[in-house]
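Novice: Take a look at this one; I'll ask things after.
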Amino acid sequence: MEKLREHLLIGFGNPLLDIAATVSNELLIKYNLKRNDAILARKEHKTLYKDIHEQFSAKYAAGGSVQNTLRVCQWILQKPKIATIFGCVGKDNYAKILERKATEDGLNVRYQYTDNAPTGTCAVLITGDSRSLCAYLAAASHFTLEHLQKPENRQIWQNAEYFYISGFFLTVSPPSAMEVARHAHKQNSTFMMNLSAPFVSQQFKEPLMSAMPYVGVLFGNREEAETLAREHNWDTKDVEEIGQRIASLPKEDHKRERIVVITQSSQPVLLFQGNTIKDFPVQKLTPEQIVDTNGAGDAFVGGFLAQYIIKKPLDACVHCGIWAAAQIIQQSGCTFEGKPSFQE
């Protein structure tokens, strides 16, 4: 088993404060939002927060996909500062909340602070067992390569063995993503990425495909994988064929086959490596047990990484991901209580 040490895993993402509420279908329709989708806020969403606060009961929680994933990973590992988060926030109270929550959960926080924008937020709109995300990146979009290149930061991330970025981060700082990807390849470390949302493949195809040759492990859900296939004009809707084609996309490191993991909500998780396809049934939950599906995908990756960075077999990584997602679904927001009880 790999010995755990500080800064073994580094994540790059958009730290956001989640503003979550159970809302009506009418609100989704009003703002042209879809269930189980994630988008960047546009002008038409300017009054969304006002409507949430006036019409529904909102809760605040530390969010951002990568930060959620690393918090879950730390919770399972039960040893502080194994994971480090990079991202940009404003100089405000929201940033203090995010940093406090991340630190309490064991993360090492290396935020960049900007005067030019407030800390980013994400509207988490829950309808039944679905969720729709609408993110105002604000300060998160101000992350720069210069922050990574500061000697005190470079020293931390250059000694890591595992790197994880969200597709969302590619909307913010492709140069930072590529700097890390190339470094990981040069050092024979593992660079991992999440497709994150359909719009990433549609609107940020160039940075996504520039990073892809360096990706050793790719995560995504079925809709994200299908969108990637459509954007490449692959004439198939078969998710197993799509997964295999993603796994066989050109790769800089020819010695190790790319691993692709596709989640499908309540359907089995699919794992692709080379010509191998495996499926893993997910834990069945009753409607009463399902409190909030927001953060389930982030938690799955957190569980997977908690095993992967200690070099457990891939089956154990997927099983831990499924277990972690099931825990988070039964809580409000990406939160967890007590000590983890995962057993292989």
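The values are calculated or read from the model by the stated rules, or taken from the named source; none is laboratory data. None of these values were measured; they are calculated from a predicted model. Every residue, glycine among them, receives a Cβ derived from its backbone with ideal geometry; neighbour counts consider all protein chains shown.
Novice: Inside segment 237-253, can you point out the residues that are among the polar types (S, T, N, Q) and not in a helix (DSSP H, G or I)? Even if it seems obvious, please write down each step before you answer.
Specialist: Taking segment 237-253 as the starting set, the residues that turn out to be among the polar types (S, T, N, Q) are 244, 248.
Scanning segment 237-253 gives a single hit, Ser248.
Novice: Any residue at all in segment 234-252 that's within 29 Å of Gln202 (Cβ to Cβ), buried (at least 16 other Cβ atoms within 10 Å of the Cβ) and acidic (Asp, Glu)?
Specialist: Taking segment 234-252 first, the residues within 29 Å of Gln202 (Cβ to Cβ) are 234-252.
The next check asks that each one be buried (at least 16 other Cβ atoms within 10 Å of the Cβ); those that pass are 239, 242-247, 251.
Subset that is acidic (Asp, Glu): none.
No, that holds for no residue.
Novice: So which of Ala299, Ala316, Ala306 ends up being closer than 25 Å to Ala58 by Cβ and part of a helix (DSSP H, G or I)?
Specialist: Working: Ala316 fails: closer than 25 Å to Ala58 by Cβ; Ala306 fails: closer than 25 Å to Ala58 by Cβ.
Answer to the check: Ala299.
Novice: Restricted to segment 297-321, and to residues that are aliphatic (A, V, I, L, M) and buried (at least 21 other Cβ atoms within 10 Å of the Cβ), which residue is farthest from Gln273 (Cα to Cα)? Steps first, answer last, please.
Specialist: The initial filter retains those residues of segment 297-321 that are aliphatic (A, V, I, L, M), namely 299, 301, 305-306, 309-310, 314, 316, 318.
If we keep only those that are buried (at least 21 other Cβ atoms within 10 Å of the Cβ) too, we end up with 299, 301, 305-306, 309, 318.
Values: Ala299: 22, Val301: 17, Leu305: 17, Ala306: 19, Ile309: 18, Val318: 13 Å.
My answer is Ala299.
Novice: Hey, another quick one. So if I check each of Ser173, Ser189, Ser210, which one is over 16 Å from the mean Cα position of the chain (by Cα) and over 23 Å from Gly303 (Cα atoms)?
Specialist: Working: Ser173 fails: over 16 Å from the mean Cα position of the chain (by Cα); Ser189 fails: over 23 Å from Gly303 (Cα atoms).
Selected residue: Ser210, the only one of Ser173, Ser189, Ser210 that is over 16 Å from the mean Cα position of the chain (by Cα) and over 23 Å from Gly303 (Cα atoms).
Novice: Something else about it: Among the residues of segment 157-178, what is the count of those that are surrounded by 17 or more Cβ atoms within 10 Å (Cβ to Cβ) and part of a helix (DSSP H, G or I)? If you could, list the steps in order and put the result at the bottom.
Specialist: Start the filter on segment 157-178 by keeping residues that are surrounded by 17 or more Cβ atoms within 10 Å (Cβ to Cβ), which leaves 157, 160, 162-174, 176-177.
If we keep only those that are part of a helix (DSSP H, G or I) as well, we get 157, 167-171, 174, 176-177.
Number of matching residues: 9.
Novice: Oh, and also: When you go through (1) buried (at least 23 other Cβ atoms within 10 Å of the Cβ); (2) free of Cβ contacts under 8 Å to residues at least 40 places away in the same chain; (3) touching a Leu at 6+ places or on another chain (Cβ under 6 Å) one by one for Ala135, which number turns out not to apply?
Specialist: Exception for Ala135: condition (2).
Novice: Please state which one of Ile39, Ile76 is in contact (Cβ under 8 Å) with a residue 12 or more places away in the chain, buried (at least 20 other Cβ atoms within 10 Å of the Cβ) and at negative phi.
Specialist: On the way: Ile39 fails: buried (at least 20 other Cβ atoms within 10 Å of the Cβ).
After applying the criteria, what remains is Ile76.
Novice: Looking at segment 254-294, which of its residues are charged (D, E, K, R) and either surrounded by 17 or more Cβ atoms within 10 Å (Cβ to Cβ) or part of a strand (DSSP E or B) (or both)?
Specialist: The answer is Arg258, Lys278, Asp279, Asp292.
Novice: Identify the single condition in (1) surrounded by fewer than 21 Cβ atoms within 10 Å (Cβ to Cβ); (2) on the phi < 0 side of the Ramachandran plot that Lys81 does not satisfy, given that it satisfies every other one.
Specialist: Exception for Lys81: condition (2).
Novice: Which of the residues belonging to segment 56-66 are at pLDDT below 95 and out of contact with any Lys or Arg (no Cβ under 6 Å at 6 or more places or on another chain)?
Specialist: Here is the first cut: in segment 56-66, the ones at pLDDT below 95 are 56-65.
Listed by number, the residues that qualify are Phe56, Ser57, Ala58, Lys59, Tyr60, Ala61, Gly63, Gly64, Ser65.
Novice: Counting just the residues of segment 84-125 that are part of a helix (DSSP H, G or I) and among the hydrophobic types (A, V, I, L, M, F, W, C), which one comes out surrounded by the fewest Cβ atoms within 10 Å (Cβ to Cβ)?
Specialist: First, pick out the residues of segment 84-125 that are part of a helix (DSSP H, G or I): 93-104.
With the extra rule that they be among the hydrophobic types (A, V, I, L, M, F, W, C), the set shrinks to 95, 97-98, 102.
Details: Ala95: 21, Ile97: 16, Leu98: 26, Ala102: 25.
Filtering segment 84-125 for residues that are part of a helix (DSSP H, G or I) and among the hydrophobic types (A, V, I, L, M, F, W, C), the one surrounded by the fewest Cβ atoms within 10 Å (Cβ to Cβ) comes out as Ile97.
Novice: Now for a different question. Before we move on, is Phe191 aromatic (Phe, Trp, Tyr) and under 20 Å from Gly120 (Cα atoms)? Walk me through how you get there before you give the answer.
Specialist: Working: aromatic (Phe, Trp, Tyr): yes; under 20 Å from Gly120 (Cα atoms): no.
Spelling it out, it is not the case that Phe191 is aromatic (Phe, Trp, Tyr) and under 20 Å from Gly120 (Cα atoms).
Novice: Determine whether Val66 is buried (at least 20 other Cβ atoms within 10 Å of the Cβ), touching a strand residue (DSSP E or B) at 6+ places or on another chain (Cβ under 9 Å) and closer than 20 Å to Phe143 by Cβ. Write out each step before concluding.
Specialist: Details: buried (at least 20 other Cβ atoms within 10 Å of the Cβ): yes; touching a strand residue (DSSP E or B) at 6+ places or on another chain (Cβ under 9 Å): yes; closer than 20 Å to Phe143 by Cβ: yes.
The answer is yes for Val66.
Novice: Scan segment 150-159 and give yes if some residue there is in contact with a Pro (Cβ under 9 Å, 6 or more places away or on another chain) and farther than 19 Å from Gln112 by Cα, otherwise no.
Specialist: From segment 150-159, those in contact with a Pro (Cβ under 9 Å, 6 or more places away or on another chain) are none; that's our starting set.
No - not one qualifying residue is present in segment 150-159.
Novice: Oh, and also: Could you list, in sequence order, all residues of segment 20-30 that are in a loop (DSSP other than H, G, I, E, B) and polar (S, T, N, Q)?
Specialist: So in segment 20-30, the residues in a loop (DSSP other than H, G, I, E, B) come out as 23-24.
Scanning segment 20-30 gives a single hit, Ser24.
Novice: Tell me, yes or no, whether segment 217-224 has at least one residue that is assigned to a loop (DSSP other than H, G, I, E, B) and crowded, with 18+ Cβ neighbours inside 10 Å. Let's see the steps before the verdict.
Specialist: As a first pass, look at segment 217-224 and keep what is assigned to a loop (DSSP other than H, G, I, E, B): none.
For segment 217-224, residues assigned to a loop (DSSP other than H, G, I, E, B) and crowded, with 18+ Cβ neighbours inside 10 Å: absent.
Novice: Would you mind telling me which numbered condition in (1) of a type in the set (A, V, I, L, M, F, W, C); (2) farther than 24 Å from Glu224 by Cα; (3) in contact with a helix residue (DSSP H, G or I) (Cβ under 7 Å, 6 or more places away or on another chain); (4) not in a loop (DSSP other than H, G, I, E, B) Leu17 fails?
Specialist: With (1) of a type in the set (A, V, I, L, M, F, W, C); (2) farther than 24 Å from Glu224 by Cα; (3) in contact with a helix residue (DSSP H, G or I) (Cβ under 7 Å, 6 or more places away or on another chain); (4) not in a loop (DSSP other than H, G, I, E, B) applied to Leu17, the lone miss is (2).
Novice: Being at pLDDT below 90 and in a loop (DSSP other than H, G, I, E, B) narrows it down to one of Lys3, Lys81, Lys34, so name that one. Walk me through it before giving the result.
Specialist: Values: Lys81 fails: at pLDDT below 90; Lys34 fails: at pLDDT below 90.
Just one listed residue meets the conditions, Lys3.
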